[in-house]
Amino acid sequence: MFFVLFSYLILLRLGELALAERNRRWAMAHGGQESDRRQYLVIVAVHSLFYLSLWLEWRYGSHGWNALWPVWLGLLAAAQILRFWAILALGRHWNTRIIVVPHMKLVTRGPYRFIRHPNYVAVIMEFAAIPTLCGAYLTAVVFSLANAWILARRIPQEERALQRCSGNALSPLPRFLPRRARIRPFPE
């Protein structure tokens, strides 16, 4: 069963990379500007090593599926739904790189109505859920920390690039978790 999940995830990532490349070409043809290509190479390396580590730990260190596998599988499914929703909302502007097209408007539909970085939330969820589901706990810890380090640098840079190109202030929405809705009592 691990190899079915692993194959699905690899094929999904390859499809996303193909979509990102198509969107990159479109953005560059429309005056797109890319920020910090070196950081992108670090992200590619970390994500590649994540899947290698997952496979190696499953093969040589895992004792099988986590006892709470339905919970972790549910978290993984939620992450996939959030990622697809974010990709659909951004359309041609979705990319794995930081590329902004001059005078573009900030997207405020889909999950971007609630938080500024839903795609990164999906990645955070995946880096925790996938290896934990498979009993690859070392991979979960190491790569969740590596991802946190990457995002701490990438998100401010992405937000600066978006502000420069859009000319707009960033959304006042929180980066990762939606604010709690205020519950008002019924009028008497």
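The values are calculated or read from the model by the stated rules, or taken from the named source; none is laboratory data. Everything numeric here is computed off the predicted structure, so don't read it as measured data. Quick reminder, even Gly has a Cβ in these numbers, built from the backbone with ideal geometry, and neighbours come from all protein chains shown.
I want to confirm something. Restricting to the stretch 57-75 and keeping residues that are of a type in the set (A, V, I, L, M) and surrounded by 15 or more Cβ atoms within 10 Å (Cβ to Cβ), which single residue is farthest from Asn95 (Cα to Cα)? Outline the logic, then answer.
Here is the first cut: in the stretch 57-75, the ones of a type in the set (A, V, I, L, M) are 67-68, 71, 73, 75.
Checking the rest, the ones that are also surrounded by 15 or more Cβ atoms within 10 Å (Cβ to Cβ) come to 73, 75.
Values: Leu73: 26, Leu75: 23 Å.
Ranking the candidates gives Leu73 first.
Checking Glu16 against (1) out of contact with any His (no Cβ under 9 Å at 6 or more places or on another chain); (2) surrounded by fewer than 15 Cβ atoms within 10 Å (Cβ to Cβ), which test does it fail?
(2)
If we scan the stretch 158-168, do we find a residue that is at pLDDT 95 or above, buried (at least 19 other Cβ atoms within 10 Å of the Cβ) and farther than 17 Å from Ile43 by Cα?
Taking the stretch 158-168 and keeping what is at pLDDT 95 or above, we get none.
Checked against the condition, which is being at pLDDT 95 or above, buried (at least 19 other Cβ atoms within 10 Å of the Cβ) and farther than 17 Å from Ile43 by Cα, the stretch 158-168 yields no hits at all.
Tell me, yes or no, whether the stretch 1-9 has at least one residue that is of a type in the set (S, T, N, Q), out of contact with any Leu (no Cβ under 9 Å at 6 or more places or on another chain) and more than 16 Å from Glu126 (Cα to Cα).
Checked the stretch 1-9: no residue is of a type in the set (S, T, N, Q), out of contact with any Leu (no Cβ under 9 Å at 6 or more places or on another chain) and more than 16 Å from Glu126 (Cα to Cα).
Among the listed residues Thr108, Thr96, which satisfies the condition of being assigned to a loop (DSSP other than H, G, I, E, B), closer than 24 Å to Gly32 by Cβ and under 10 Å from the mean Cα position of the chain (by Cα)?
Details: Thr108 fails: under 10 Å from the mean Cα position of the chain (by Cα).
Testing whether each residue is assigned to a loop (DSSP other than H, G, I, E, B), closer than 24 Å to Gly32 by Cβ and under 10 Å from the mean Cα position of the chain (by Cα) leaves just Thr96.
Under 8 Å by Cβ, and 6 or more places apart or on different chains, what pairs join a residue from the stretch 71-88 that is in contact (Cβ under 8 Å) with a residue 60 or more places away in the chain with one that is crowded, with 16+ Cβ neighbours inside 10 Å and of a type in the set (Phe, Trp, Tyr)?
Ile87/Trp94
Can Gly91 be described as touching a helix residue (DSSP H, G or I) at 6+ places or on another chain (Cβ under 9 Å) and either touching a residue at least 60 places away in the same chain (Cβ under 8 Å) or within 19 Å of Ala129 (Cβ to Cβ) (or both)?
Values: touching a helix residue (DSSP H, G or I) at 6+ places or on another chain (Cβ under 9 Å): yes; either touching a residue at least 60 places away in the same chain (Cβ under 8 Å) or within 19 Å of Ala129 (Cβ to Cβ) (or both): no.
Against the criterion (touching a helix residue (DSSP H, G or I) at 6+ places or on another chain (Cβ under 9 Å) and either touching a residue at least 60 places away in the same chain (Cβ under 8 Å) or within 19 Å of Ala129 (Cβ to Cβ) (or both)), Gly91 does not qualify.
For residues that are in contact with an Asp or Glu (Cβ under 9 Å, 6 or more places away or on another chain) and either more than 18 Å from Gln80 (Cβ to Cβ) or assigned to a helix (DSSP H, G or I) (or both), tally how many sit in the stretch 121-139.
The first filter runs over the stretch 121-139 and keeps only residues in contact with an Asp or Glu (Cβ under 9 Å, 6 or more places away or on another chain), leaving 131, 134-139.
Next, from what is left, pick out any that are either more than 18 Å from Gln80 (Cβ to Cβ) or assigned to a helix (DSSP H, G or I) (or both): 131, 135-139.
Number of matching residues: 6.
Give the stretch 1-16 a look and list any residue that's of a type in the set (A, V, I, L, M), farther than 29 Å from His93 by Cβ and in a helix (DSSP H, G or I), or say none. Quick ask: steps written out before the conclusion?
First pass over the stretch 1-16, keeping only residues of a type in the set (A, V, I, L, M): 1, 4-5, 9-12, 14.
Retained after the next criterion (residues that are farther than 29 Å from His93 by Cβ): 1, 4-5.
Selection gives Val4, Leu5.
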